[in-house]
Amino acid sequence: MGDGRTETGSAAETEAVGARLAERLGPGDVVIVSGEVGAGKTTLIRGAARALGVAEPVTSPTFTIGRRYTGGRLPISHLDLYRLEDLDGEDPALLDDYLGPDGVAFVEWPAAGADRLGRPPLEVRLAHAGEERRTIEIVE
Ligand SMILES: Nc1ncnc2c1ncn2[C@@H]1O[C@H](COP(=O)(O)OP(=O)(O)OP(=O)(O)O)[C@@H](O)[C@H]1O
Ligand SMILES: [Mg+2]
(Lines give C-alpha, C1' and ligand atoms only; values in the text may rest on other atoms or scores of the structure.)
(Ligands and ions follow the chains in the order given, each with its own letter.)
Protein backbone atom coordinates (compact mmCIF):
# COMPACT_ATOMS: atom_id res chain seq x y z
CA MET A 1 0.00 0.00 0.00
CA GLY A 2 3.06 2.23 -0.11
CA ASP A 3 2.62 5.29 2.07
CA GLY A 4 -0.99 4.41 2.79
CA ARG A 5 -2.51 6.85 0.34
CA THR A 6 -3.52 6.13 -3.21
CA GLU A 7 -5.81 7.40 -5.93
CA THR A 8 -8.04 5.40 -8.25
CA GLY A 9 -9.73 6.26 -11.53
CA SER A 10 -12.42 3.59 -11.68
CA ALA A 11 -14.51 1.29 -9.53
CA ALA A 12 -12.39 -1.64 -10.73
CA GLU A 13 -9.25 0.07 -9.45
CA THR A 14 -10.87 0.64 -6.06
CA GLU A 15 -11.83 -3.05 -5.95
CA ALA A 16 -8.18 -3.85 -6.64
CA VAL A 17 -7.11 -1.68 -3.70
CA GLY A 18 -9.55 -3.66 -1.55
CA ALA A 19 -8.05 -6.91 -2.83
CA ARG A 20 -4.55 -5.77 -1.91
CA LEU A 21 -5.74 -4.71 1.53
CA ALA A 22 -7.26 -8.17 2.02
CA GLU A 23 -3.82 -9.78 1.78
CA ARG A 24 -2.93 -8.48 5.19
CA LEU A 25 -6.21 -9.33 6.95
CA GLY A 26 -6.75 -12.28 9.23
CA PRO A 27 -9.12 -13.68 11.86
CA GLY A 28 -10.58 -11.08 14.21
CA ASP A 29 -9.63 -8.07 12.14
CA VAL A 30 -12.06 -5.16 11.89
CA VAL A 31 -11.74 -2.61 9.12
CA ILE A 32 -13.60 0.68 9.38
CA VAL A 33 -14.44 2.09 5.94
CA SER A 34 -15.49 5.72 5.96
CA GLY A 35 -16.34 8.33 3.35
CA GLU A 36 -19.23 10.20 1.82
CA VAL A 37 -22.13 8.67 -0.03
CA GLY A 38 -20.87 7.12 -3.25
CA ALA A 39 -17.22 7.44 -2.28
CA GLY A 40 -16.72 3.73 -2.95
CA LYS A 41 -16.90 2.08 0.47
CA THR A 42 -18.99 -0.86 -0.69
CA THR A 43 -16.91 -1.13 -3.87
CA LEU A 44 -13.68 -1.44 -1.89
CA ILE A 45 -15.22 -4.01 0.47
CA ARG A 46 -16.45 -6.00 -2.54
CA GLY A 47 -12.90 -6.22 -3.88
CA ALA A 48 -11.59 -7.31 -0.49
CA ALA A 49 -14.29 -9.94 0.00
CA ARG A 50 -13.64 -11.34 -3.48
CA ALA A 51 -9.96 -11.65 -2.73
CA LEU A 52 -10.85 -13.52 0.46
CA GLY A 53 -12.78 -16.04 -1.60
CA VAL A 54 -16.36 -14.77 -1.47
CA ALA A 55 -17.98 -15.80 -4.74
CA GLU A 56 -21.51 -14.48 -4.23
CA PRO A 57 -22.45 -10.88 -5.04
CA VAL A 58 -21.33 -8.36 -2.42
CA THR A 59 -23.92 -5.61 -2.20
CA SER A 60 -25.00 -2.98 0.30
CA PRO A 61 -26.91 -4.37 3.26
CA THR A 62 -30.57 -3.36 3.05
CA PHE A 63 -33.26 -4.03 5.66
CA THR A 64 -30.45 -5.19 7.94
CA ILE A 65 -27.31 -3.63 9.36
CA GLY A 66 -25.07 -6.25 7.87
CA ARG A 67 -24.47 -9.33 5.81
CA ARG A 68 -22.34 -12.35 6.46
CA TYR A 69 -20.51 -14.36 3.84
CA THR A 70 -19.34 -17.82 4.75
CA GLY A 71 -18.17 -19.16 1.40
CA GLY A 72 -14.68 -17.71 1.50
CA ARG A 73 -11.40 -18.56 3.17
CA LEU A 74 -12.73 -17.19 6.46
CA PRO A 75 -16.07 -15.72 7.57
CA ILE A 76 -16.61 -12.19 6.27
CA SER A 77 -19.02 -9.63 7.70
CA HIS A 78 -20.05 -6.44 5.98
CA LEU A 79 -21.86 -3.95 8.18
CA ASP A 80 -23.33 -0.63 7.13
CA LEU A 81 -23.88 1.39 10.26
CA TYR A 82 -24.62 4.60 8.39
CA ARG A 83 -28.15 3.28 8.43
CA LEU A 84 -28.33 3.49 12.20
CA GLU A 85 -29.42 6.89 13.40
CA ASP A 86 -28.23 6.40 16.92
CA LEU A 87 -26.10 3.44 17.87
CA ASP A 88 -26.22 4.39 21.55
CA GLY A 89 -29.89 3.52 21.66
CA GLU A 90 -29.29 0.06 20.23
CA ASP A 91 -28.84 -3.26 21.99
CA PRO A 92 -25.11 -3.68 22.70
CA ALA A 93 -25.35 -7.24 21.37
CA LEU A 94 -26.42 -5.89 17.99
CA LEU A 95 -22.94 -6.19 16.53
CA ASP A 96 -22.06 -9.50 18.18
CA ASP A 97 -23.44 -11.57 15.34
CA TYR A 98 -21.02 -9.88 12.99
CA LEU A 99 -17.87 -9.39 15.02
CA GLY A 100 -16.03 -12.47 16.12
CA PRO A 101 -12.56 -13.91 16.60
CA ASP A 102 -12.71 -16.10 13.53
CA GLY A 103 -13.58 -13.71 10.75
CA VAL A 104 -12.91 -10.35 9.17
CA ALA A 105 -15.47 -7.56 9.57
CA PHE A 106 -15.75 -4.55 7.27
CA VAL A 107 -17.76 -1.71 8.76
CA GLU A 108 -19.05 1.23 6.73
CA TRP A 109 -19.21 3.97 9.28
CA PRO A 110 -18.41 7.64 9.79
CA ALA A 111 -14.92 7.74 11.28
CA ALA A 112 -16.26 9.74 14.20
CA GLY A 113 -18.18 6.73 15.51
CA ALA A 114 -15.36 4.23 15.34
CA ASP A 115 -14.59 4.12 19.05
CA ARG A 116 -17.71 2.04 19.58
CA LEU A 117 -15.93 -0.97 18.10
CA GLY A 118 -12.85 -0.73 20.26
CA ARG A 119 -9.60 0.10 18.54
CA PRO A 120 -9.84 -1.17 15.00
CA PRO A 121 -6.63 -2.39 13.45
CA LEU A 122 -7.31 -0.53 10.24
CA GLU A 123 -9.31 2.36 8.91
CA VAL A 124 -9.84 3.14 5.25
CA ARG A 125 -11.00 6.63 4.27
CA LEU A 126 -12.34 7.27 0.81
CA ALA A 127 -13.06 10.64 -0.73
CA HIS A 128 -14.34 11.95 -4.04
CA ALA A 129 -11.64 13.55 -6.17
CA GLY A 130 -13.65 14.44 -9.28
CA GLU A 131 -15.65 12.30 -11.68
CA GLU A 132 -14.42 8.74 -11.28
CA ARG A 133 -11.39 9.63 -9.21
CA ARG A 134 -11.22 8.73 -5.54
CA THR A 135 -8.54 9.13 -2.92
CA ILE A 136 -8.09 6.17 -0.62
CA GLU A 137 -6.18 6.49 2.63
CA ILE A 138 -5.28 3.57 4.84
CA VAL A 139 -4.90 4.77 8.43
CA GLU A 140 -3.12 2.47 10.87
N1 LIG B 1 -12.73 5.28 -8.56
C2 LIG B 1 -13.89 4.77 -8.11
N3 LIG B 1 -13.90 4.01 -6.98
C4 LIG B 1 -15.06 3.51 -6.51
N5 LIG B 1 -16.26 3.71 -7.05
C6 LIG B 1 -16.31 4.45 -8.18
C7 LIG B 1 -15.14 5.01 -8.75
N8 LIG B 1 -15.49 5.70 -9.84
C9 LIG B 1 -16.81 5.58 -9.96
N10 LIG B 1 -17.32 4.83 -8.96
C11 LIG B 1 -18.74 4.54 -8.78
O12 LIG B 1 -19.15 5.18 -7.57
C13 LIG B 1 -20.10 4.37 -6.91
C14 LIG B 1 -19.58 3.97 -5.54
O15 LIG B 1 -20.63 3.32 -4.88
P16 LIG B 1 -20.44 2.55 -3.50
O17 LIG B 1 -21.74 1.89 -3.23
O18 LIG B 1 -19.21 1.73 -3.53
O19 LIG B 1 -20.22 3.77 -2.51
P20 LIG B 1 -20.45 3.84 -0.95
O21 LIG B 1 -19.38 4.72 -0.41
O22 LIG B 1 -20.56 2.47 -0.38
O23 LIG B 1 -21.86 4.59 -0.86
P24 LIG B 1 -22.98 4.55 0.27
O25 LIG B 1 -22.65 5.67 1.21
O26 LIG B 1 -24.24 4.81 -0.47
O27 LIG B 1 -22.94 3.21 0.95
C28 LIG B 1 -20.34 3.16 -7.78
O29 LIG B 1 -21.44 3.42 -8.62
C30 LIG B 1 -19.05 3.08 -8.58
O31 LIG B 1 -19.21 2.44 -9.83
MG1 LIG C 1 -22.00 1.51 0.74
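Just a few scattered comments:
- Residues in region 31-67 that are in contact with a strand residue (DSSP E or B) (Cβ under 9 Å, 6 or more places away or on another chain), within 14 Å of ligand 1 (Cβ to nearest atom), over 21 Å from G9 (Cα atoms) and not β-branched (V, I, T): S60, P61, G66, R67.
- Single condition M1 does not satisfy, out of (1) within 13 Å of ligand 2 (Cβ to nearest atom); (2) modelled with pLDDT under 90; (3) within 24 Å of E131 (Cβ to Cβ); (4) among the hydrophobic types (A, V, I, L, M, F, W, C): (1)
- Test: residue in region 69-79 that is modelled with pLDDT under 90 and under 26 Å from A51 (Cα atoms): no
- Region 94-131 - residue that is in a helix (DSSP H, G or I) and at pLDDT below 75 and, of those, nearest to G40 (Cα to Cα): A111
- The residues listed here are A48, A16, A39, A22; of these, the one that is modelled with pLDDT of 95 or more, surrounded by fewer than 22 Cβ atoms within 10 Å (Cβ to Cβ) and in contact with a Leu (Cβ under 8 Å, 6 or more places away or on another chain) is A39.
- Figure legend. Inter-residue proximity from region 93-105: first residues touching a residue at least 12 places away in the same chain (Cβ under 8 Å) and surrounded by 10 or more Cβ atoms within 10 Å (Cβ to Cβ), second residues assigned to a loop (DSSP other than H, G, I, E, B) and among the hydroxyl-bearing types (S, T, Y), beta-carbon distance below 8 Å, spacing 6+ or different chains. Indicated pairs: A105/Y98.
- Whichever residue in region 19-42 is in a helix (DSSP H, G or I) and under 9 Å from the mean Cα position of the chain (by Cα) and, among such residues, is nearest to G71 (Cα to Cα): T42
- Criterion violated by F63 - all others in (1) over 15 Å from L126 (Cα atoms); (2) at pLDDT 95 or above satisfied: (2)
- One residue stands out in region 43-75 among those that are in contact with an Asp or Glu (Cβ under 7 Å, 6 or more places away or on another chain) and polar (S, T, N, Q): the one that is nearest to ligand 2 (Cβ to nearest atom), namely S60.
- Cβ-Cβ contacts under 6 Å between residues 6 or more apart (or on different chains), taken from a first residue in region 40-54 that is basic (K, R) to a second residue that is at pLDDT below 95 and near ligand 1 (Cβ under 7 Å from one of its atoms), are listed as K41/G35; K41/E108.
- Scanning region 16-30 for residues that are under 17 Å from T135 (Cα atoms) and either near ligand 1 (Cβ under 8 Å from one of its atoms) or of a type in the set (A, V, I, L, M, F, W, C) (or both) yields A16, V17, A19, L21.
- One residue from V37, V17 being touching a helix residue (DSSP H, G or I) at 6+ places or on another chain (Cβ under 7 Å) and among the β-branched types (V, I, T): V17
The values are calculated or read from the model by the stated rules, or taken from the named source; none is laboratory data. From a predicted model like this one, the values you see are computed outputs, not experimental measurements. Note that we place each Cβ from the backbone using ideal geometry, even for glycine, and neighbour counts take in every protein chain shown.
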